[in-house]
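Worksheet: the structure to be examined is printed underneath.
The values are calculated or read from the model by the stated rules, or taken from the named source; none is laboratory data. Computed from a predicted model, the values in this text were never measured in an experiment. Virtual Cβ from ideal backbone geometry, glycine too; neighbours counted across all protein chains shown. Protein only, heavy atoms only, side chains kept; ligands, DNA and RNA dropped before computing areas. Shrake-Rupley method; radii C 1.70, N 1.55, O 1.52, S 1.80 Å.
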Amino acid sequence: MAAHPNLCIGKASVYANAVCSSDWMILVRCPMNPYTLLAETQRLRVSDGRQAPILEGCKTADRLLVLILPQLGDFDSLEYAWWLQRYAQPLQDAKLAIRAVGIGDQASGKQFCAYTGFSPDWLFVDPMAELHQQLDLYAGLSFRIPVLSAAQNAWFNLLLMCAGIGSPGTLSEVLRGYRGDRNAPQLIGDDEVIQAAPLPPLKGSAFSRAGGKGFQRPFELATLRLRNMSEALGHWKTYVPNARYLTQRGGTFLFDRDGTLLYEHRDRGILGFAANMSDPLAFLLAEHPGHT
């Protein structure tokens with residue numbers, strides 16, 4: 001039977017008007033505001049290990065930013081947190097509440113917060129990516145080789161996605177990290193020292209000799225990503241307690257104080273956590289004086 005273009009056959013997520021039979025659930029495709037689902041969701045909070053509403057304490061904020069992150073050791077999760085730390089003061093000035101849900105457990109979350117500086121009070125963990133599935137976020141490639149376990153199949157699919165298969169934009173984004181980007185800001189201060197094993201410590205001023213100042217220089221972003229990769233691999237079992245969700249991608253949702261959806265971005269591949277990777281927080285801070 002051919003599927004109707006306005007119907008979705010499968011399990012319920014953020015769609016309304018479900019019509020059920022004994023064998024199928026047929027969903028009329030009329031997307032609900034994801035705020036409804038998020039407001040009803042509880043997950044383990046990293047700071048205290050308690051199951052709590054993920055939007056607890058957000059009612060007084062002018063706007064609410066909800067990040068649904070992949071594995072907490074994923075390139076995208078670590079890089080997104082770096083951008084949030086870079087603009088922590090402008091975000092605070094904007095009276096913005098931030099909450100994040102990532103794939104992992106409490107130990108994963110504590111390691112993530114220790115490395116990135118993200119507040120453990122704002123981070124919740126979802127060990128089996130159930131919220132990602134309910135929000136209908138991209139699960140990544142799902143090829144299955146019968147002789148492999150679920151975790152081994154996830155690794156196989158992740159490697160394909162790293163090569164750009166089923167992961168649009170990944171290869172071009174990797175290359176941008178090496179060649180530089182004059183539309184992106186300078187990422188490393190001249191006096192900042194970067195530890196990115198196996199490279200020796202690098203002072204930020206070294207990148208000036210590779211291209212100048214005031215924009216993302218060649219190899220600058222690639223060096224930050226190498227540091228993130230070293231962190232993830234060095235604590236792999238902590239960051240990834242269950243490898244079967246390696247390919248799952250995330251999403252970004254911005255709401256006003258009434259829960260109206262102002263902006264959303266659904267990741268379609270690795271290193272695709274923002275619509276504008278040159279300036280991932282432009283949708284939040286484009287007109288803010290601290291956004292430079």
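The residues of segment 197-247 that are within 24 Å of Ser149 (Cβ to Cβ) and aromatic (Phe, Trp, Tyr), listed by number, are Trp236, Tyr239, Tyr245. Among the criteria (1) crowded, with 18+ Cβ neighbours inside 10 Å; (2) assigned to a loop (DSSP other than H, G, I, E, B); (3) of a type in the set (D, E, K, R), the one Arg225 does not fulfil is (2). You will find that of Ala184, Ala197, Ala210, the residue that is under 26 Å from the mean Cα position of the chain (by Cα), small (Gly, Ala, Ser) and at pLDDT below 95 is Ala197 and no other. Every condition in (1) out of contact with any Cys (no Cβ under 9 Å at 6 or more places or on another chain); (2) more than 26 Å from Asn33 (Cβ to Cβ) is met by Pro120 except one, and the failing one is (1). Kindly check whether there is at least one residue in segment 208-228 that is within 20 Å of Asp74 (Cβ to Cβ) and polar (S, T, N, Q). Yes, segment 208-228 has at least one match.
Figure legend. Inter-residue proximity from segment 205-224: first residues small (Gly, Ala, Ser), second residues assigned to a helix (DSSP H, G or I) and open to solvent by less than 40 Å² (accessible area, probe 1.4 Å), beta-carbon distance below 7 Å, spacing 6+ or different chains. Indicated pairs: Ala222/Gly177. Among the conditions (1) open to solvent by 30 Å² or more (accessible area, probe 1.4 Å); (2) on the phi < 0 side of the Ramachandran plot; (3) in contact (Cβ under 8 Å) with a residue 24 or more places away in the chain, Glu192 misses just one, which is (3).
Evaluation of Asn276 against the conditions (1) exposed (fewer than 14 other Cβ atoms within 10 Å of the Cβ); (2) touching a residue at least 40 places away in the same chain (Cβ under 8 Å) shows that the sole unmet condition is (2). Return a yes/no flag: does segment 281-292 have any residue that is more than 30 Å from Pro127 (Cα to Cα), of a type in the set (Asp, Glu), open to solvent by 10 Å² or more (accessible area, probe 1.4 Å) and in a loop (DSSP other than H, G, I, E, B). Yes, segment 281-292 has at least one match.
Taking segment 243-269, which residues are touching a residue at least 60 places away in the same chain (Cβ under 8 Å), of a type in the set (D, E, K, R) and open to solvent by 70 Å² or more (accessible area, probe 1.4 Å)? Don't jump to the end; show me each part of the working.
Let us first name the residues in segment 243-269 that are touching a residue at least 60 places away in the same chain (Cβ under 8 Å), namely 243-257, 259-262, 264, 266-269.
This time we only want the ones that are of a type in the set (D, E, K, R), so: 244, 249, 256-257, 264, 266-268.
Within segment 243-269, Arg244, Arg257, Glu264, Arg266, Arg268 meet the criteria.
Of the residues that make up segment 212-221, is at least one open to solvent by 50 Å² or more (accessible area, probe 1.4 Å) and on the phi < 0 side of the Ramachandran plot? Explain how you work it out, then say what you get.
Taking segment 212-221 and keeping what is open to solvent by 50 Å² or more (accessible area, probe 1.4 Å), we get 213-214, 219.
Next, from what is left, pick out any that are on the phi < 0 side of the Ramachandran plot: 213.
Yes.
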